[in-house]
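Let me begin by presenting the structure, written as C-alpha cells, before commenting on it.
Where a number appears in this text, it was derived from the coordinates with a stated rule and is not lab data. Predicted model only: the values in this text are computed from it and were never measured. Please note: Cβ atoms are built from the backbone with ideal geometry, for glycine as well, and neighbour counts cover all protein chains shown.
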Amino acid sequence: MASRKIFKTSGHSQTDRPSSTKFTLNPKLARRSFMKIAAATAALAGMSVGPKVVRNLRAEERKEAYPGSKIVRTVCTHCAVGCGVKAEVQNGVWVRQEVASDHPISRGGHCCKGAGAIDMVTSEKRLTSPMKRVNGKWQKISWQQALDEVCSKLMEIRDKDGPDAVHWNGSAKVSNEMAYLQRKLAAFWGTNNIDHQARI
C-alpha cells in the first residue's frame, strides 16, 4: 500500500517498477547509511545520560521515615518479572515505596506500572465506589445496583447471542492473581474471548 502510493506520487505507474529491483519507502537511504545514522543516534543518546541528567541522591534530599514505620521487602505484582520493591508500612498501611537497588531482577529500576503501584492504594483519584453515567454525567451507585445491572445485561447478551458475544478485556494495572481470576471468569462464562489491553 505504501509503495503503491509513493510510486503514484512520483510520476510512475505500478507497471513501471522493475520486478527485479527492491523498493523501499526511502530509496535514497541505503542500509549502510541507515546503520550509521542509528549508531550515531545511539551514541548521542548515551552521551546525554551524564552527570547533569543522572546523579546520586544527596543526604539532605532523603525523606525521613514515618514515625513507627517499617520497611517491608516485597515484589511488584503487576507482571511476572518480579521487580523488587521496598514498601514503607505504618500501622499496617502502605505509605511509601522505594526501588530495591540490590534486587537481582530489577537492579534498582521500575517501569511506570511499578513506580505507580502505590497509587492503586493511596491515590485520591482512585475509585472507591461504582460509577454510572446518567444523562452525560457520572454518579455514584451502590455495589448491589452495579452488580444487578451488569449481571442482568450480561445474561441478556448471553441468552440472545451466546457466550462468544462477549469479549473480556484484561488490564496492565492488575496483579497476576487478578489476571488469573479474569481468565477463570471468562472460562466459566464459556468463552476464550479474552485478551490483554496492550495487544488491542
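Under unit Cβ charges (Lys, Arg +1; Asp, Glu -1), what dipole magnitude, rounded to 20 debye, does segment 131-199 have relative to its Cα centre? Present the calculation step by step, with values, prior to reporting the outcome.
Details: 11 positive and 8 negative charges, 73 e Å.
Dipole size: approximately 360 debye.
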How do 121-128, 99-106 rank on mean C-beta neighbours within 10 Å, highest first?
-> 99-106, 121-128
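With an 8 Å Cα cut-off and a minimum separation of 6 or more residues, compute the relative contact order for segment 131-199 in percent.
Working: 51 pairs, mean separation 18.0, N = 69.
So the answer I get is 26 percent.
Please find the FRET efficiency linking SER175 to SER142, where r is the Cβ-Cβ separation and R0 is fixed at 30 Å, and quote it to the nearest 0.05. Don't skip to the answer; put the middle values down first.
Working: r = 26 Å, r/R0 = 0.86.
E(calc), rounded to 0.05, equals 0.70.
How much length would be gained if the chain were fully extended between ARG31 and ALA115, taking 0.36 nm per residue of separation minus their Cα-Cα distance, in nm to one decimal?
Numbers: separation 84, 0.36 × 84 = 30.24 nm, distance 3.84 nm.
Computed gain between ARG31 and ALA115 is 26.4 nm.
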Run down the aspartates and glutamates and flag those whose C-alpha is under 15 Å from the C-alpha of LYS132, throwing out any fewer than 8 positions away in its chain.
-> ASP148, GLU149
Where the centroid of each part is defined by its Cα atoms, how far is segment 145-190 from segment 64-137 in Å?
-> 27 Å
Kirkwood estimate for segment 147-200, i.e. one over the average of 1/r between Cα atoms, Å = 11.9 Å
